[in-house]
Amino acid sequence: MKIFTKKGRLSYYIIAFLASGTLYPFIHNFFISRKYGSLISIVFLGLWLFSILLFHKKIIFPNRFFNLIVLIQGIFFLICFSLNYSSNVIIQFSFLVLSYFFIFLCINTFNRESFLNLFIRFNILAGLLSIIGLILVITGFTQVLQVVDYQGDFKLYNYGFFFVKWGEDLVYELRPAGFYDEPGSFAFIVMLLLLINRKFYKNRKYEYLLLLLPLVTTSLAHIFTVILYFIFFYLKRRNTKRLLTIIGLLISLIFIINTFNEKNDFLSFFKRRTLTRFEGFINGEHDASRQGGIELGPEIFLKNPFGISREKVEILYPEFVNETIWGPLIYYGLIGGIIYFLPFISILINSMLKKNRDNLIFVIIVFINLFQRPYYMYPLILLLIYYLFFDNSKSLIINYKYKSF
């Protein structure tokens, strides 16, 4: 099979789509088959690997520096597990291995430029469909198509045009998640794609759409990404026209929300989830969903600077929310936290030494997002991080080539 023919690429895209359907944050296989979604992923991951070994004349591994980081992290997790530290570390180890395997499959299958271009367009389409679908839901032209149990405490709702992780409230309070498990996941993926587009393509249409469309998710993380993006890339004299265009669109959106929110349930909800939450943050108020992590995190970390198992934290501090930057630092300690965040620390140091301004800005934006979504060892997320920081670095990359058997 020649993968770079149109037919070959399509075949592999279909295989990759089905293989990744239960690999967080993708969830579409659960809607294809709520009972066999995971089995579908396993079967197509195996098929994907078999086709590479069978049809390729060489096998390419991720670059040497990235391999070293993964090796250090993997050894750290295994040492922790061997000391009966916590069952959580073997879960992280499994995610790390799966993510590395997924990266291996992708770099042996797809040309980076064609893959990322397609994936950017896929997420732009998801944003457009989310807006269209939300309008259709609000006006009563469409409704939920499927409901699937997910992770025990949650339900997934398929509205056809987008997915939602919760949906018991009013129709107007839906938060589209594109085709991911939740709006925050969509926002995190879009953040990485914004940076990837900035680094490799500088496509203005992609940039504007990736900045504006995900606002429909009402994700506070995306609002901060937009603000940071403006500060780093638009506050320049040569970008004045683009900056004024984007600001004009945002001011118009804010005006509409403030003017009509009392007369429209959806706009009222949108304002509460975006402008009101942002105002609260500026005034020092914590996000309610992560308040337990933000408030208790420093206390737990100072008492356990060398780490404490997640099981003990759940018993001693039941109100702690681990979806904050404090989660990994508390579970792995100061030294373990450095190892956990090693990809970003290494890129930060490398960027400063080489005075690579863009990479320095990219890693700062990513790390700020990690403050409220610190668990990045998932296949799709780590793949995009690899493309953004490691794949294009000529001083670090090395390919290992083997003849197929």
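Each Cα pair of the range 311-371 feeds into the Kirkwood radius, which the Stokes-Einstein equation turns, at 25 °C and 0.890 mPa s, into a diffusion coefficient of 190 µm²/s. Computed from the alpha carbon positions, the gyration tensor of the range 351-391 leads to an equivalent ellipsoid with semi-axes of 20, 14, 6 Å, biggest first.
How would Tyr332, Tyr206 line up from fewest to most surrounding beta-carbon atoms within 10 angstrom?
Values: Tyr332 25, Tyr206 20.
Least crowded to most crowded, the residues run Tyr206, Tyr332.
Can you sort Tyr159, Tyr234 by how many other beta carbons sit within 10 Å, fewest first?
Values: Tyr159 22, Tyr234 16.
Exposure proxy ranking, most exposed first: Tyr234, Tyr159.
When restricted to Cα atoms, the range 58-162 yields an Rg and a Dmax of 20.2, 57 Å, respectively.
Fewest-first ordering of Val70, Val144 by other beta carbons within 10 Å of each residue's beta carbon gives Val144, Val70.
How big is the Rg/Rh ratio for the range 1-110, C-alpha atoms only, Rh by Kirkwood, two decimals? Can you show the working numbers first?
Working: Rg = 16.0 Å, Rh = 15.5 Å.
Reported Rg/Rh, Kirkwood definition of Rh: 1.03.
Every number here is computed from the coordinates shown, using simple stated rules; none is lab data. Small disclaimer: the values here were computed from a predicted structure and weren't measured. Please note: Cβ atoms are built from the backbone with ideal geometry, for glycine as well, and neighbour counts cover all protein chains shown.
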